Structures are given as C-alpha cells and as structure tokens.
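The values are calculated or read from the model by the stated rules, or taken from the named source; none is laboratory data. Note that the coordinates shown come from a computational prediction; the quantities given were computed from them, not determined experimentally. Cβ coordinates were reconstructed from backbone atoms using ideal geometry, including for glycine residues, and neighbour counts include every protein chain displayed. Keep in mind that these areas ignore ligands, DNA and RNA; they rest on the heavy atoms of the full protein, side chains included. Shrake-Rupley method; radii C 1.70, N 1.55, O 1.52, S 1.80 Å.
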Amino acid sequence: MKHITFLIVAILALCISTSCSRTKNPNARTDTYSSGSITFGADESFAPIIEEELDVFHSIYVQAHCTPKYMTESEGMNLLLANKLLMMFTSRDFKKSEYDNLIARDRKPYTVHVGYDGLALITNRENTDSCMSVKDVKRILSGEAKTWKEVGTKTRSGEIIVCFDNATSSAVHYVEDSILNGKPITAENAFATKKTAEVIDYVEKTPNAIGIIGSNWLNDKRDSTNLTWNKNIRVLAISRSDDATPENSYKPYQGYIYNDFYPFIRRIYALLNDERGKYGLPWGFAQFVAAPKGQMIIFKAGLLPAYGNISIREVKIND
C-alpha cells in the first residue's frame, strides 16, 4: 500500500513539475487567430497600405497587436526563411526551392495573394513629357540611353538620373527580373536612397530625375476616386508600343492594371512561415487583408484587390 501511495505522489509531483515548466516557458506562443501580439515584416514600398489595413484590423480585433517592421524585400525574405519572421508582405512568392526547404524542415509555409500594384515611374513637375515606351525604359535602365534627348523628349535636356528606394528593394528586383529580363541595372546615373519617401523628395527637387516606386505611394488621400496623385510630381504613362503616344500609353490606375494595359504590374503577397499554421495571429491578419473588408481597403487605397467583383468605367481625366 505504501508503494502505491508513493507512486501516486510521484506521478502527481511529475505532473505539477511539467505544468509549472510549461507556464514558465518565456518562448511559448499565446496568440490566436484574432488576439495576442506578433511582429511581422513588410516591404517598405507597401508601408502605406499595411498601415491602413492595421488601423482597421486593430479597431475590430482589440485584443490583437500586430507590429510591422519595414525593410527591403531581400532582408525580409532572408529573415523569413531563417525562421526569424513569421510573416512577410512582399511582391514575390516563395521560390520552389525555398518552399521545399521549409517543408523539409517541418515548417508550414503559406502564400496569401492579397492584391496588385503598379511600379510607377515619376518625374519632376518641370518635365512636361507625359509618356514613355517600355523600350526606352529598358534603354535607360541598361545605360544605353543616358540623356533625355535620346528617348525623344521635347521639354527636357541633360543626363537622366534614376532613383530607387533601396538597392535590395522589391522595385529593384522587379526591374532586373521583369523589365531587364534577368539582367542587372547598369545605368551609370542610377542610385538608391533608403526609403520611398526619399525618392519622391529627390524627384521633387531634381528636374532631370526619374523615380521608380510602388504606386500606393502616389495617391492624394483627399480624392476618393483614386484619380488624383501627388501634385508635386508627374506620373509617366507607359506604352508597350515603341512609339509612345498619349493614346497608347497608360498610367498605373486600377482599371489599367485590371485590364493589363499598364505594363509594370506587381502582385502583393503575404508569405507565412509559422509553425502554428492557420491557428496563429499571422494567419488571422493575412486572411483579414484577403477578406472583403481588407480588399475594400486595398481598393480605396488605389490598388487592385486580388478578389471581388470589379466593374470598370471609362472617365476623361484632365491632367
């Protein structure tokens, strides 16, 4: 009888010890689909839309606290793949090798497509030329065309200066991968700042500059139609035709992204590497952005939602 009593006491002591060790684990995750605290990554070029999504998400789910860290695409993907981030908003999906590696390590990678934006080319207000061909964009970025006269402009002269948001940003990745067909940017007068806001500021002050940024930085928040952009810069219309004219060139408006008329379109993804899969807060926020409320926020911000019924109406815009 004494042996049985001792065995029961030992089991109870073991259970209590195990329970205490669990409650004291400082690394234990307590977040749920709609509560708790997380930190996630986002490409800096998507900062405006991420902030708008978070404002609404936090107003609905008051027990949830999602903190974004804005960084370059390269930095964010490295942290995500090293299990140092649970989620990253960026403009590319997992590569097959990355996905397979995560699966082999018993991780749970998920891709949530949330929208589209256009990679916009902006110039100084003094530059009144309104359109440019894809061919000339390639010539500028490859260094073949160095001056404004070489790309047929009528109002500008001098060398073209190209400004990016960051040397390892999603904009640079898109240019090299999708515009230059896998080749590096070799324009002599191309350089990178650290943030998108600095690109806009530089272009505002530099008559010969071209800035390359995500279109969600362009919108004038006072205009609910998303047809008015920052008045301090000019947004170029881009043509797939070698001879760019106002009639065959398009700006990154939602309708032209939807109809694939605008040439430089990026997808926006939430990429997850979360061992809790669909039960944690990263999945909850990603699904909110992809759900009707989140998609309406994307639409009102001037980007194109990934889901929903879209109707297109033609309007005449006086620039």
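Quick notes on this structure:
- Per-residue surface analysis assigns Lys293 an accessible area of about 130 Å², computed on protein heavy atoms at 1.4 Å probe radius.
- Filtered trypsin sites (Lys or Arg not before Pro), segment 90-190: DSSP coil and at most 14 other beta carbons within 10 Å: Lys95, Arg105, Arg125, Lys154
- Pairs exceeding a 20 Å alpha-carbon distance, out of Lys251/Lys300; Lys95/Lys300; Lys138/Lys183; Lys149/Lys195: Lys95/Lys300; Lys149/Lys195.
- In straight-distance terms, cross-link reach from Lys108 covers every one of the aspartates and glutamates whose alpha-carbon lies under 14 Å from its own, apart from those fewer than eight places away in the same chain; here that gives Glu98, Asp100, Asp274, Glu275.
- Ranked by solvent-accessible area (1.4 Å probe, protein heavy atoms only, all chains present), the residues His113, His58 order from largest to smallest as His58, His113.
- Computed over protein heavy atoms with a 1.4 angstrom probe, the accessible surface ordering of Trp148, Trp283, Trp217, largest first, is Trp217, Trp283, Trp148.
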